[in-house]
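The values are calculated or read from the model by the stated rules, or taken from the named source; none is laboratory data. Since we're looking at a predicted model, the values are computed, not measured. So basically every Cβ, Gly included, is an ideal-geometry build from the backbone, and we count neighbours across all protein chains shown. Remember, those area values only see protein heavy atoms, side chains included, never the ligands or the DNA or RNA. Shrake-Rupley method; radii C 1.70, N 1.55, O 1.52, S 1.80 Å.
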Amino acid sequence: MKKDPQPPQWATAFLKWYCRPRLLEDLEGDLYEYFIRNLRDKSLRHAQLIYLIDVIKFLRPYTIRKIEPLTFLTHFMMIGSYFKTSRRNLVRNKLFSFINIIGLAVSMSVGLLVIAIVNDLRSYDDFHEKKDRIYRVVTRHQDDGKPPMDLASTSVRTAQRLAGDVPGIENFTIMRNGFSGDAKVGQNTFPFEATWADQSFFKVFTFPLIAGDAATALKEPYSLVLTEKTALKLFGNTHVVGHTVRFDTLDYQVTGVARDVPHLSHIRFDALVSFATADATMGKKQDGFYNWDNVWSNYIYMTIPKKGGTAGIQRALDQIGTEENKVLVHKKVTLSLQPIKDIALGRKLSNNMGPRIEPVTVWILAGLAFVIILSACFNYTNLSVARSLRRSREVGVRKIIGAHRSHVLGQFIAESVMIAFLALLFSFGLYLFLRREFLSLDPHVSEIFTLGLSWRSILWFIALAAFTGLAAGFLPAVFFSKINALSVMKDASGLKIFRHLGLRRVLIVTQYVLSLIFIATTLVGYSQYKGFLNFDLGFNTENILNIKLRGAEAAALKKELAEIPEVKQVSQSSMITSVGSIYGFDVKYYPSGKATQPADSALVWVNTVDENYLPIHKHKLLAGNNFKLRPEKGNESELIVNQQVLKRFNIGDRDPHKALEHIIEVEGRKLTIVGVLKDFHYGTMENKIEPVMFRYSKSEPWGYLNLEIASTDLESTMAKVESAWKQFDKVHPLKANFYDQEIENAYSELSMMVKAIGFLAFLAICIASLGLFGMVVFTTETKLKEISIRKVLGASEPGLIYLLCRGFITLLGIAALIALPVTYLLFDKVLLTRFAYHQPIGLAELLGGALVVMLLALVMIGSQTARAARSNPAKVLKSE
Amino acid sequence: MKGTNLGEFEELVLLTIASLAAEAYSVAICDELERYTGRSVKLGVVHAVLNRLEEKGLAKSHLGDASATRGGKRKRFYEVTHAGKVALMRAKELREAIWRNIPGFNLEGSI
């Protein structure tokens, strides 16, 4: 029979689905008859196609099944009953209920966190009334022969052009970051940072003013709009319109007070200065302020009219670009528009303002949460199907009384959704805890996210619970609905519950593979992170306190600090190396000192230091000596380089001693090499060691003081340093960090990732363990009789334990065999390729985590099987 | 009034049911119609008409026995009800009455 050609099954299924039961049999028969007829003179394919078309053609009003309100009504009436049976089942199997609910709750809490994160990102800039009509002008800057650079910023020139001749724009505003100075109000001085913005700012954005006129507040030069917070800080109250604030020699007038900027805004400011001020101050002085290719510091936002499009504006921008680019040599600047809602959760742009998260990151987060939730769903599915023996009678009775398949399906789905909602309650509690931990993970995190509750997020939470319930309950529900009532009532053991054993094994292995990957990643990641912190950088970073200077000549402070007994030495530098900041010059090398033509030029990184810097940091001189002369600014003549510089220019055949006295030109000054340093790490571990030079400077007002501290009582030393600073600078608070702390900060992203993955590892292991535990309990329970009989026949306890464990241990072994190589490759081929220098991947870390997880699993399996093996066979066998 | 009106195709189908007697089921009706009219008759159309005739009470149906040619599915046999017979008779009489009123009708005149 089976060899006979058949019409496509799914077409028949479709027919069965839509057709009225009364007409169905006849129709199906007719179509089949025609199908057989067509087979005689047409190909199978053709006949099947005709069959399919006919099925679709029969889709007519008189054939379509009427919705049966009775089914729905039954569902509705039965909900009370479903609820009751579900509750009784939960209470009856406390262990399994616990495993299910806790597993789902734990995994859903991660889901809730991800929902809250995504919700926050999508809520960015929602408070602007015209949020759907605000666009930012973004810039693509391309030097010939180089990859283009995409910038969030643009030029002042763009604003000038937009003002002239672009139709389709309702309003536009230009702003510029980086106003900073010391604000003098009466006798007090405050450090002050602000953003320049022009008068249309309040037309484009919704930042309400509580005082002042929004239309004119930013019109005149030297006008100032403060936020409430800044006003309170400067004046102590917010009724300050008309007051003046003095910067250097200029008086600025407060023309408005704005409400504090909402947390979820990508534009953040403490105060606004009218853009006319920038025109008046920088526009006059600075060359190129209005240049077309000066695209680094200004931001332009525009609103378009309701029902307006951006196509016309884009054409105009292209036109402007073509016209202006004629002036440029060897480069090109093009403009385009970006909707404001795409900024916080959007593509990477240089000079971006405010927080931005790559969509990919969100997808990865969501993916991980999904995997964890799925893992918990596996448990539910696994345990429900495994335990189906106990509920099959209930289903049988229901079916005999008159339940349809759909009723049973509905019942079990309803049950799993109920359990998921119960789990949601627990997971919400967990989420509240998680949220606190997440926000305190890193100061940046709490800067970006609030993770507040909103109606939208709560709806999503509920949707997540419903989805989880459906996903977890679907397979068991289908399984139960297929049960044949008669056979189940006659002999329940005939049920083929072990038919899906293969699938269940795969699920357990998958769960353990994930858990092992997570835990191994955490441990390896952590050891790598520790490795970066303790890496021998080639110089000393211990007991060095770096104090950031704020533009003041620090000689007095240096003297003051040197008098503190715990401070051994003080040096100055323009920057701190090895923490990610870099600065460099194109330098030229003059061979052997007398040549007039440079031989070669290259980019060399630089740090500008005084004579104490090298000794404090214990840099190793291979040849020559430290700076000897103490020239004033602009008269320097000495230079200390590392070995890479010798290698790059091939100075003195790379022999440090021969390289002395050679000349290198930096910024037009010819400097003599007086010392050669052993190579050290100037960049982070991501960078290879490259040519680096040290220049001399007596004073670096914007740099750092480096203090070598020898103290047993850090607290009192810090207090002394702090009091010395307070005398020196009354405006700015002290900003001092130990070098080791700075390095730790440089790798904070890594530590955050390790923490996050570690947490996921913990969850994954919890869930996998719960699932395994449930399976072991169930298997041993169902095999209790078998064990007893074996025992009566003389099997030993260890033999029985081995018999019961064997299957599970094999599964764990397979999981480990998959997970460990995957983790190794993940690190070796993907994650660590970013770093030029790193520790070898430790076997101990790789295996350690796996061992702990295995041990945990073995204890669980062992305890359960041992209990079963030790049971008294007489008791078990008696109760038949 | 809708219940008693008989469309042209409906009349044909009803007549075919009557002529097929005990063998009147959808596919057979289709074939028979094709044989009489010489044009292809779609199963879907016949089905719809049968359904309508049944709704109007002009035909009634019952399920027959299962047969292997239809993949084990039973046929639905149709027969003309009393109302159906009345409707057919009335349609026939109507036509004949009109025919009788045409004087000297022959085909040759129209060529």
Residue set A:ILE169, A:ILE174; condition under 21 Å from A:GLU193 (Cα atoms), in contact (Cβ under 8 Å) with a residue 40 or more places away in the chain and aliphatic (A, V, I, L, M); output residue A:ILE174
Hey, any hits in the stretch B:6-20 for a residue that's away from every other protein chain (no Cβ under 12 Å), under 22 Å from B:ARG74 (Cα atoms), open to solvent by 30 Å² or more (accessible area, probe 1.4 Å) and hydrophobic (A, V, I, L, M, F, W, C)? yes
Within the stretch A:665-680, the count of residues that are open to solvent by less than 40 Å² (accessible area, probe 1.4 Å) and either in a strand (DSSP E or B) or not assigned by TED's automatic domain parsing to the domain that holds A:TYR590 (or both) comes to 9
I'm told B:ALA28 meets every condition in (1) more than 14 Å from chain A (Cβ to nearest Cβ); (2) surrounded by fewer than 20 Cβ atoms within 10 Å (Cβ to Cβ); (3) small (Gly, Ala, Ser) except one. Can you identify the failing condition by its number? (1)
Among A:PHE467, A:PHE535, which is the only one that is closer than 27 Å to A:LEU832 by Cα, of a type in the set (Phe, Trp, Tyr) and open to solvent by 40 Å² or more (accessible area, probe 1.4 Å)? A:PHE535
Just wondering, is there one or more residues in the stretch A:768-776 that are over 30 Å from A:VAL445 (Cα atoms) and surrounded by fewer than 14 Cβ atoms within 10 Å (Cβ to Cβ)? no
Give all pairs with beta carbons closer than 7 Å in which a residue from the stretch A:50-76 that is closer than 16 Å to A:GLU25 by Cα and away from chain B (no Cβ under 14 Å) meets a residue that is modelled with pLDDT of 75 or more and assigned to a helix (DSSP H, G or I); count only pairs at least 6 apart in sequence or on separate chains. A:ARG65/A:TYR18
Do you know which residues across the stretch A:538-562 are in contact (Cβ under 8 Å) with a residue 40 or more places away in the chain and either farther than 30 Å from A:PRO733 by Cα or open to solvent by 60 Å² or more (accessible area, probe 1.4 Å) (or both)? A:GLY538, A:GLU542, A:ASN543, A:ARG550, A:GLU553, A:ALA555, A:ALA556, A:GLU560
Among the residues of the stretch B:65-79 satisfying the criterion of being touching a strand residue (DSSP E or B) at 6+ places or on another chain (Cβ under 9 Å) and facing another protein chain (nearest Cβ under 7 Å), which is surrounded by the fewest Cβ atoms within 10 Å (Cβ to Cβ)? B:ARG74
The stretch A:233-266, residues that are closer than 30 Å to A:GLY346 by Cβ and either open to solvent by less than 30 Å² (accessible area, probe 1.4 Å) or of a type outside the set (Val, Ile, Thr) (or both): A:ALA258, A:ARG259, A:ASP260, A:PRO262, A:HIS263, A:LEU264, A:SER265, A:HIS266
Within the stretch A:214-271, track down each residue that is touching a helix residue (DSSP H, G or I) at 6+ places or on another chain (Cβ under 9 Å), modelled with pLDDT of 90 or more and outside any loop (DSSP other than H, G, I, E, B). A:SER223, A:LEU224, A:VAL225, A:LEU226, A:VAL245, A:TYR252, A:VAL254, A:GLY256, A:VAL257, A:ALA258, A:ALA271
How many residues of the stretch A:20-49 are within 11 Å of another protein chain (Cβ to nearest Cβ) and touching a helix residue (DSSP H, G or I) at 6+ places or on another chain (Cβ under 6 Å)? The answer is 6
Inside the stretch A:584-625, can you point out the residues that are surrounded by 17 or more Cβ atoms within 10 Å (Cβ to Cβ) and under 21 Å from A:ALA555 (Cα atoms)? A:ASN607, A:THR608, A:VAL609, A:ASP610, A:ASN612, A:TYR613, A:LEU614, A:ILE616, A:HIS617
Of the residues in the stretch A:165-213, how many are open to solvent by 40 Å² or more (accessible area, probe 1.4 Å) and part of a helix (DSSP H, G or I)? 2
In the stretch A:128-164, what count of residues is obtained for those that are open to solvent by less than 60 Å² (accessible area, probe 1.4 Å) and more than 26 Å from A:ALA311 (Cβ to Cβ)? 1
For the structure I just gave you, tell me whether A:SER86 is of a type in the set (S, T, N, Q), away from every other protein chain (no Cβ under 14 Å) and either within 47 Å of the chain's Cα centre (by Cα) or surrounded by 15 or more Cβ atoms within 10 Å (Cβ to Cβ) (or both). yes
Might you let me know whether the stretch A:567-579 holds any residue that is of a type outside the set (Asp, Glu), loosely packed, with under 13 Cβ neighbours inside 10 Å and farther than 19 Å from A:PRO615 by Cα? no
With the condition kept exactly as written, say whether any residue in the stretch A:9-16 is more than 30 Å from A:SER388 (Cβ to Cβ), in a helix (DSSP H, G or I), open to solvent by less than 70 Å² (accessible area, probe 1.4 Å) and within 14 Å of chain B (Cβ to nearest Cβ). yes
The correct count of residues that are open to solvent by 70 Å² or more (accessible area, probe 1.4 Å) and either in contact with a Gly (Cβ under 6 Å, 6 or more places away or on another chain) or closer than 13 Å to A:PRO8 by Cα (or both) in the stretch A:30-54 is 5
